[in-house]
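The values are calculated or read from the model by the stated rules, or taken from the named source; none is laboratory data. Note that this is a predicted model, so its numbers are computed, not measured. Using ideal geometry, Cβ is built from the backbone for each residue, glycine included, and neighbour counts are taken over all protein chains shown. Calculation scope for accessible area: heavy atoms of the full protein, side chains included, ligands and nucleic acids excluded. Shrake-Rupley method; radii C 1.70, N 1.55, O 1.52, S 1.80 Å.
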Amino acid sequence: MGVKSMANEKKIEYVLLGLLSHESLTGYEIKKRFESRLKFFWNASYGSIYPTLAKLERDGCVIKKETTENGRQKIVYTITDEGREILREWLKKSVVKDELRYETLLKLFFGSEVGAEITINHIDEFENKIRCQLEILKKYVVQLENAPIYEEAHKYFILTVKFGINSYEAYLKWCKEAKEVLGANQRGKNDE
């Protein structure tokens, strides 16, 4: 399989290759990485992990090895040299599309249909979710900064997490401003 044959494939292939470029992992461990580290900036269907791993194995990008640990069978996936080369080629290419998709913003955009009170409730829910995620990201930074820098990758992990922190802090500022505007509109209508 050549680099060009993966060019139009889903990004999950590159995400899996990227995770495996750091360490060999089981499918379950990959799923856990999606649930913890990657959830802040990349979304993927868990049902696509195993079929994608199977495809990557067929294409020679990963190899799987059955091992036994504590009496339990497990399958560990390791990136191959070809898989690493495909990952590097993709990393060198320009970004095709960055997108921001929040249902909260979609509902805000059409919020005049239901009014400020309901829209403010959506913003409150969004704000609470962002506050929780921000705390998690701040803990990640502390862990990464306090860990011995044993590999170059830590620098990149920290920068990714700090992007999330800065973004979430801006989201919280926006939540406050949006609620003030909608609250003023709500009060204005009640005064009429």
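Provide a single number: the residues in segment 38-64 that are touching a residue at least 40 places away in the same chain (Cβ under 8 Å) and either open to solvent by 100 Å² or more (accessible area, probe 1.4 Å) or at negative phi (or both). Outline the logic, then answer.
First pass over segment 38-64, keeping only residues touching a residue at least 40 places away in the same chain (Cβ under 8 Å): 40-41, 52, 55-56, 59-62.
Then keep just the ones that are either open to solvent by 100 Å² or more (accessible area, probe 1.4 Å) or at negative phi (or both); that gives 40-41, 52, 55-56, 59, 61-62.
Adding up the residues that qualify gives 8.
Among the residues of segment 79-94, which ones are open to solvent by less than 70 Å² (accessible area, probe 1.4 Å) and free of Cβ contacts under 8 Å to residues at least 24 places away in the same chain?
Matches in segment 79-94: THR80 only.
Sort out which residues of segment 127-137 are touching a helix residue (DSSP H, G or I) at 6+ places or on another chain (Cβ under 8 Å) and open to solvent by less than 80 Å² (accessible area, probe 1.4 Å), and write them in order of number.
Here is the first cut: in segment 127-137, the ones touching a helix residue (DSSP H, G or I) at 6+ places or on another chain (Cβ under 8 Å) are 127, 130-131, 133-134, 137.
Within segment 127-137, GLU127, ILE130, GLN133, LEU134, LEU137 qualify.
Just to be sure before I move on: is PHE34 within 19 Å of ARG101 (Cα to Cα) and part of a helix (DSSP H, G or I) in the structure I sent?
Working: within 19 Å of ARG101 (Cα to Cα): yes; part of a helix (DSSP H, G or I): yes.
Yes, satisfied.
Just to confirm my filter: which helices (runs of 4 or more DSSP H) fall fully inside segment 60-179 and include at least 1 residues that are hydroxyl-bearing (Ser, Thr, Tyr), within 17 Å of TRP42 (Cβ to Cβ) and out of contact with any Gly (no Cβ under 7 Å at 6 or more places or on another chain)? Give the derivation first.
Values: elements: 81-92, 103-109, 116-146.
Where helices (runs of 4 or more DSSP H) fall fully within segment 60-179 and carry at least 1 residues being hydroxyl-bearing (Ser, Thr, Tyr), within 17 Å of TRP42 (Cβ to Cβ) and out of contact with any Gly (no Cβ under 7 Å at 6 or more places or on another chain), they are 116-146.
In segment 118-126, is there at least one residue being open to solvent by 100 Å² or more (accessible area, probe 1.4 Å) and either touching a Ser or Thr at 6+ places or on another chain (Cβ under 6 Å) or over 30 Å from LYS173 (Cβ atoms) (or both)? Outline the logic, then answer.
First, the residues of segment 118-126 that are open to solvent by 100 Å² or more (accessible area, probe 1.4 Å): 125.
Restricting the remaining residues to those that are either touching a Ser or Thr at 6+ places or on another chain (Cβ under 6 Å) or over 30 Å from LYS173 (Cβ atoms) (or both) gives none.
No.
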